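Presented below is the structure to which this report refers.
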Amino acid sequence: MDHGDMDMQGGSAPPDARDPHAYSGGYTRDSGPYVLQEPGHIHMGDAHGFGSLLIDRLERSVDSGTDSTHYDVQAWFGRTYDRLVLKAEGGIADGDIGDARTELLWGHAIAAFWDAQLGVRHDSGAGPGRDWLAFGVQGLAPYWFEVEVTAYLGENGRTALRAEAEYDLLLTQRLVLQPRAEASFHGRDDAGRGLGSGLSDISAGLRLRYELRRELAPYIGIEHGRVFGQTRDFVRAAGQDADETHWLAGVRFWF
């Protein structure tokens, strides 16, 4: 068999890849030989809402003798083209919530593997609360990188940008190594929350998970985080480390 002309990723998706009626041969649920007497009782044709809840990270980490818990949750409900998306991420140390971010977004399919998202974000936990308008994209880049990039516009002219990427490397059918990186940028200083302008922080880590089932996977890993610029000065002034490396253990599950 000649593999010379084959694309390793199967080529580009067709323009109508997410159209639920693209391959129906012209038949619909409302007319023709397959008309239903009671429309709405089958789940197809983008006629019903579906939902999912992913706890991507629920982990416990140790750094300089301090234990902390971190969570990263994403839920959505909707149809093929339009969805309501909820994202929540934050950390808890010594019983107190540190930085926490909650977003409520409307997601719309703009390509076979990409959604545009528009909504609001609220920051809570340490420091004063902040509210933002959010706009970004989320999807699957070439070579199976999961990518999320979101821009924010806040009160008093505040701006921010957050980018995240991760990749699942299958060592076996159940053992998965996941490199992950995240970076944040801010347009101006925010002393109340200890954030400086420019590149404020970067974190990168490796997580090795074992999928007991596709929906349930415990994991271990290591992560390194570093802050920069004025953010570094704020962190040091608060008596905290500007560079942190910690071991972690957690569980990932979805339904």
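The values are calculated or read from the model by the stated rules, or taken from the named source; none is laboratory data. None of the values given here were measured: they were computed from a predicted structure. In this analysis, Cβ positions are derived from the backbone assuming ideal geometry, glycine residues included, and neighbour counts consider all displayed protein chains. Ligands, DNA and RNA are excluded from the accessible area calculation, which covers all protein heavy atoms including side chains. Shrake-Rupley method; radii C 1.70, N 1.55, O 1.52, S 1.80 Å.
Multiplying the residue separation of His122 and Trp106 by 0.36 nm and subtracting their alpha-carbon distance yields 4.2 nm. Here the range 195-248 exposes an accessible surface that is 58 percent carbon and sulfur, computed with a 1.4 Å probe and the other protein chains kept in place.
Counting only the backbone N, which residues of the range 150-172 are under 11 Å from the spot 7 Å out from the Cα of Asp131 toward its beta-carbon? It comes to 155, nothing else. Each 10 Å bin from zero up to the one holding the largest Cα-Cα distance in the chain carries the following percent of pairs: 6, 24, 31, 22, 11, 5, 1, 0. The smallest convex shape that holds all Cα atoms of the range 121-176, its convex hull, gives 109 Å³ per residue.
Can you give the local net charge around Gly187? Use residues other than it whose beta-carbon is closer than 14 angstrom to its beta-carbon, Lys and Arg +1, Asp and Glu -1. So the environment of Gly187 carries a net charge of +2. Name all residues of the range 208-239 having a backbone nitrogen under 19 Å from the label point set 7 Å from the Cα of Phe145 along its Cα→Cβ direction, giving them as ranges. The answer is 224.
For the range 128-255, the Kirkwood estimate of the hydrodynamic radius, built from every pair of different alpha carbons, is 16.5 Å. In the full protein context, the chain carries 59 Å² of accessible surface per residue, based on a 1.4 Å probe and ignoring ligands, DNA and RNA.
One Cα centroid belongs to the range 213-249, the other to the range 78-131; the line between them spans 20 Å.
Between Arg174 and Leu86, the modelled label-to-label distance comes to 3.3 nm, taking each label 7 Å out from Cα in the direction of the beta carbon. Calculated [222 nm] ellipticity per residue, helices only, for the chain: -1000 deg cm²/dmol; basis is -39500 (n - 2.57) per DSSP H run with n ≥ 4, divided by all residues, nearest 500.
Relative protection proxy for 137-145, 225-233, from highest mean packing down: 225-233, 137-145 (other beta-carbon atoms within 10 angstrom). Counting charges near Gly196 (Lys, Arg +1; Asp, Glu -1) among other residues having Cβ under 11 Å from its Cβ returns a value of -1. Would you tally the net charge around Leu175, using a Cβ to Cβ cut-off of less than 14 Å, leaving Leu175 out, and scoring K and R as +1, D and E as -1? Within the 14 Å Cβ shell, the charges total +4.
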